[in-house]
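The values are calculated or read from the model by the stated rules, or taken from the named source; none is laboratory data. It should be emphasised that the depicted structure is a prediction, and the values quoted were computed from it without experimental measurement. Here the Cβ positions follow ideal geometry from the backbone for every residue, glycine too, while neighbour counts run over all protein chains shown. Heavy atoms of the whole protein, side chains included, go into the accessibility calculation; ligands, DNA and RNA do not. Shrake-Rupley method; radii C 1.70, N 1.55, O 1.52, S 1.80 Å.
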Amino acid sequence: MFITFEGPDGSGKTTQIHLLARWLREKNYQVVVTREPGGTEIGDQIRRVLHDPRNSAMDYRAEILLYSASRAQHVAQRIRPDMEAGKIVISDRYADSTLAYQGYGRGLDLEILRLITAFATGGLGPDLTLYLDITPEEGLQRRRLGGDEWNRLDAEALDFHHRVRMGYLALVDQEPERWAVIDAARPVEDVQAAIRKVAQARLTWDRA
Ligand code: TMP
């Protein structure tokens, strides 16, 4: 099973993913946690280029291709082999981030992005995507307070982040059976409880 987490910056994905993975391992599932951009050595090198605030001159097309290059390596080297070994793969971001940030955020053609993504992934998509919803104002504030890495995308104007959030909500509307929307503005334990409920239902359904 392939589970992805999506959401605006500062939605608490990383914390929630680790709590979910721990819970699944307690239930004797084999779980691997990974992230994008990154997830492989080559992907981590690409991540550094993408997120370096000094790279403000990066062309939008170059940006898409770099995220996609990281993803291609990730699918080939980590996600597919781990899925074939029967593990649950949980990724902190995947292709929907490209549609939300580069598509809705930057205004690039969604159909072209879908084609590039299909090429990069060989058509591999998640079975379940949890969308951690929070307003950009609250998300960015959390990142500032949390002392997280402040990347090139965080530095975008607030209206960019609003377009990203609207983009995610549009993606949910287009494919509601794959997505679960979680209100991430609540305390960590409440958000985790909602996530476990969705995961539990999905795993039960998967086994049936
Ligand atoms: P994060 O690791 O803190 O979530 O940061 C990843 C950043 O990269 C985040 O701002 C979203 C952005 N991003 C894209 O713009 N497109 C993509 O395809 C991916 C995977 C991430």
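Rounded to 0.05, the FRET efficiency of the Thr15 and Arg54 pair, given R0 = 25 Å and the Cβ-Cβ distance, is 0.30. Phi angles of the range 161-169 translate, via the Karplus equation with coefficients 6.51, -1.76, 1.60 and θ = phi - 60°, into HN-Hα couplings of 5, 5, 5, 4, 5, 4, x, 4, 5 Hz per residue; Gly and Pro are given as x. Taken one residue at a time, the phi angles of the range 184-198 give Karplus couplings (6.51, -1.76, 1.60, θ = phi - 60°) of 8, 8, 9, x, 3, 5, 5, 5, 4, 4, 5, 5, 5, 4, 5 Hz. Gly and Pro are set to x. A probe of 1.4 angstrom, applied to the heavy atoms of all protein chains, finds Met166 with accessible area near 110 square angstrom.
Under 1.5 on a/c is rounded, so check that first for the range 1-107, then, if it is not, pick prolate when a/b is larger than b/c and oblate when it is not; a ≥ b ≥ c are the square roots of the alpha carbon gyration tensor eigenvalues. Prolate shape, in that a/c is at least 1.5 and a/b is the bigger ratio. In the chain, helical runs assigned H by DSSP with n ≥ 4 each contribute -39500 (n - 2.57); averaged across all residues and rounded to the nearest 500, the mean residue ellipticity at 222 nm is -16000 deg cm²/dmol.
Going by the alpha-carbon gyration tensor, a ≥ b ≥ c the square roots of its eigenvalues, is the range 124-186 rounded (a/c under 1.5) or, if a/c is not under 1.5, prolate (a/b greater than b/c) versus oblate? Walk me through the numbers on the way to the answer.
Details: a/c = 2.00, a/b = 1.79, b/c = 1.12.
Prolate, since a/c reaches 1.5 and a/b exceeds b/c.
For the range 1-44, what class follows from the C-alpha gyration tensor (a ≥ b ≥ c being the square roots of its eigenvalues): rounded when a/c is under 1.5, otherwise prolate if a/b is larger than b/c, else oblate?
Note, shape of the range 1-44 comes out oblate.
Extension gain for Gln200 to Leu65 (0.36 nm times residue separation, less C-alpha to C-alpha distance): 45.1 nm. Taken along its principal axes, the alpha carbon cloud of the chain reaches lengths of 49, 36, 32 Å, longest axis first. Remark: the range 35-159 carries a charge dipole of roughly 300 debye about the Cα centre, counting +1 on each Lys and Arg Cβ and -1 on each Asp and Glu Cβ.
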